[in-house]
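Okay, handing you the structure first.
The values are calculated or read from the model by the stated rules, or taken from the named source; none is laboratory data. Everything numeric here is computed off the predicted structure, so don't read it as measured data. Counting neighbours? That spans all protein chains shown, and the Cβs are built from the backbone with ideal geometry, glycine included. Just the protein is used for accessible areas: all its heavy atoms, side chains included, with ligands, DNA and RNA removed. Shrake-Rupley method; radii C 1.70, N 1.55, O 1.52, S 1.80 Å.
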Amino acid sequence: MLERAILDTALDQLSGVGWNGPTVEGVVHGVRDVRNSRPGLALCAALHECDEGAAVCLRTLIEAGVFGPLKEL
């Protein structure tokens, strides 16, 4: 879900401002909107209810699968 939102936001920026216009901040704002959405808030709530080991695993998965590729772009 989050990965798709990042990609959609990046594509929206590309189509609106061209290749040199998109910014990480613009994409991060799109991600913020997703995080504040109903599914995003549910994910945050689930993270808070996980035990420490499960929360670390989930955060690591999100970091590696979503934010890592975003940083590489």
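Using beta carbons and a limit of 9 Å, which pairs, at least six apart or on different chains, have the first residue in the range 35-50 and surrounded by fewer than 10 Cβ atoms within 10 Å (Cβ to Cβ) and the second one assigned to a helix (DSSP H, G or I)?
Note: pairs meeting the criteria are His48/Ala55; Glu49/Ala55.
For the range 58-69, check the following and say yes or no: at least one residue is in contact with an Asp or Glu (Cβ under 8 Å, 6 or more places away or on another chain) and small (Gly, Ala, Ser).
yes
Of all the residues that make up the range 6-23, how many are in contact (Cβ under 8 Å) with a residue 12 or more places away in the chain and within 20 Å of Gly65 (Cα to Cα)?
4
Sticking with this structure for a sec: Quick test for you: out of Gly16, Gly26, Gly30, Gly65, pick the one residue that is open to solvent by less than 40 Å² (accessible area, probe 1.4 Å) and more than 10 Å from the chain's Cα centre (by Cα).
None of the other options fit; the residue is Gly26.
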